[in-house]
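Worksheet: the structure to be examined is printed underneath.
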Amino acid sequence: MHRRILLAVTAAVLCAVVAALPGVAAAKTAPPHYYLALGDSLSQGMQPDLNGTTLDTNQGYANDLLALERKHIHNLKLVQLGCGGDTTTSMLTGQGNNAAAKLLHCDRQGGSQEAAAEHFLKTHHRKGEVPLITVDIGANDVDGCATAADVISCVNSGLNTISTNLPKILAGLKKAAPKGTTFAGMTLYNPVLGGFFSPAGTATHTLALASTALLTEVNKDLTTADTNGGFLTADVADAFKSYDSTDTVSWQGQQIPVNVATLCSWTWACQTPPSGPNIHANKNGYQVIANAFAAAIGKRLH
């Protein structure tokens, strides 16, 4: 009997000592932290499969950024509420992308991606619980303009929509988020440059040549909204050298602009069927996007 009592007391003392060791108790009880990724198909890492079907993957920029920031934040978990095909309007209201949202099983809790995000933030409101929120949205507001009868009018309409909706999206996230959250948006790369290889004089080729100026206006509006809304901006356009149509590099036996070469290297836009042409980034391109976010965020999460 005495032996059993002695063993029980010894075990209890050992447990108490182990629990008191620095870091041991914390490792068992540390609550999770969340990285909330919002936006369109890029936020879900969408890429084409061998049959050309565009699907969510675990090789997107959010996955890559998670890996980078986990080095600084213990127990960081990724929550992806983004929805392929979402515009600023459908993200805000839940309307206009219903078919894609249903097909992709997008989170529409409360009626829209924005509502679902705000609900998540309000239910995870401990200070520092959501240290990072990223948003990429706006590409689909102007993506369809490539085939519009009047490209300029279409882009201007998309810019007006972005300028109206994006500040509301960002303000809602800022209001709902707990203290200690870092917010970041991003500029866009230029998938229209894939038309550079179309025959000279065709509408696709002409648009590719003119698209840099249009992209500049889109990214200016995105950056302005980010700045006014208290969001950092990951300069993905610069990382993709999207504005550099002057310098050239060798590509498959011909000299092509740097911005076209980077697009072809880091997206599926220059691929032949069935995998392409597809506007989404490939694995390497998503890592470039993640690196741009990490550069914008800097040491804020350390």
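Computed from the coordinates by the stated procedures, all read-outs in this text should not be read as laboratory data. These numbers come from a predicted model, not from an experiment. Methodologically, a virtual Cβ is constructed for each residue, glycine included, from the backbone with ideal geometry; neighbour enumeration extends over all protein chains shown.
Points to keep in mind about this one:
- Cα-projected label distance for LYS174 with ARG126, points at 7 Å along beta-carbon direction, nm: 2.7 nm
- Net charge over other residues, Cβ less than 10 angstrom from the Cβ of VAL258 (K, R count +1; D, E count -1): -1
- Taking every DSSP beta bridge that has both ends in the chain, the antiparallel portion is near 35%.
- Listed by number, the DSSP H helices of the chain that run 18 Å or longer by alpha-carbon position along their axis and have mean Kyte hydropathy of at least 0.5 are 2-20, 151-176, 283-297.
- Normalised contact order of the chain, rounded percent, pairs of Cα under 8 Å and 6 or more residues apart: 19 percent
- Comparing ASP238, ASP86, ASP141 in a Gaussian network model of the chain, where Cα atoms under 10 Å apart are tied by springs, the biggest mean-square fluctuation is seen for ASP238.
- Residue-averaged [θ]222 nm for the chain, counting only DSSP H segments that reach four residues, each worth -39500 (n - 2.57): -14500 deg cm²/dmol
- Above-threshold pairs, the threshold being 23 Å between Cα atoms, out of LYS102/LYS220; LYS77/LYS174; LYS71/LYS175; LYS122/LYS179; LYS77/LYS168; LYS71/LYS179: LYS102/LYS220; LYS71/LYS175; LYS77/LYS168
- Neighbours of THR223 by Cβ distance under 12 Å: Lys/Arg scored +1, Asp/Glu scored -1, total -4.
- For the stretch 122-232, the C-alpha radius of gyration sits at 1.30 times the compact-globule guess of 2.2 N^0.38 Å, with N the residue count.
- Dividing the Cα radius of gyration of the chain by its Kirkwood radius returns 1.11 for Rg/Rh.
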